[in-house]
Amino acid sequence: MFGKLKYGLLISLVLNFLIIFPSWARKYDSPHELVDKATITMRRFLQDEQMSWLRKHLKEAKGVIIIPQLIKGAFFIGGSGGSGVLLARYPGNNWSYPAFYTLGSVSIGLQFGGEVSEIVLLIMTQKGIDAFLSTAVKLGGDLSVAAGPVGMGAKAQLVDVLAFGRSKGAFIGISLEGAVIKPRDSWNRIYYGKPVRPVDIIYGRLVKNPHADPLRSLLKNYCK
């Protein structure tokens, strides 16, 4: 009798797991994973001593795009691409919920060599943030872009977007001239549970997902 009871309990637990697991698996999907990776990437950048300029001027940025992993098909020549999230800064240093984007380019030049694995873009102008919330944007064409300053006492150029790159733990200068960034609407729909555009997320504030609150809090803490 006791053996049958244990067997029945085991079957019940297995059935409950099979019912619950698909729901959990759907919830933690690729967009959720990307937000978690973006949080880790942004924390690395903000905590590094070489990123003093980024920390100091983050509160002046209109928004930020975080790309945890950029995959290059060839060195200096070839395709490259990655997925990232855009968050905009509101008055009072609060930050929006993330909108999802892809970055692609036929060629991305690295000023000091090395393969870039993480990218952070600071959007410094209102023109910049408005462009990203409309359609696909070509850096160096629709918006001006320059390598973000690294180190103490660095000075930034007056451009729409500043690009910071990190490869194997070291920060390097990077040029994203010609890179195209466009919304990833399918991931926005998955993450928020309904079709939404970046402008609906950023300006309309029509949706929210508490999963992104750690990333938003991290940015807010460095804008005080």
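Derivation of every value follows stated rules applied to the coordinates shown; laboratory data play no part. Please read all numbers here as calculations on a predicted model, not as lab measurements. Cβ coordinates were reconstructed from backbone atoms using ideal geometry, including for glycine residues, and neighbour counts include every protein chain displayed.
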S186-H57 FRET efficiency (beta carbon distance; Förster radius 41 Å; 0.05 resolution): 0.80
Violating pairs (Cα-Cα greater than 18 angstrom) within the set K62/K224; K138/K194; K62/K194; K182/K208; K138/K208; K127/K182: K138/K194; K62/K194; K182/K208; K138/K208
Pairwise FRET efficiency - S134 versus Q47, Cβ, R0 = 22 Å, nearest 0.05: 0.10
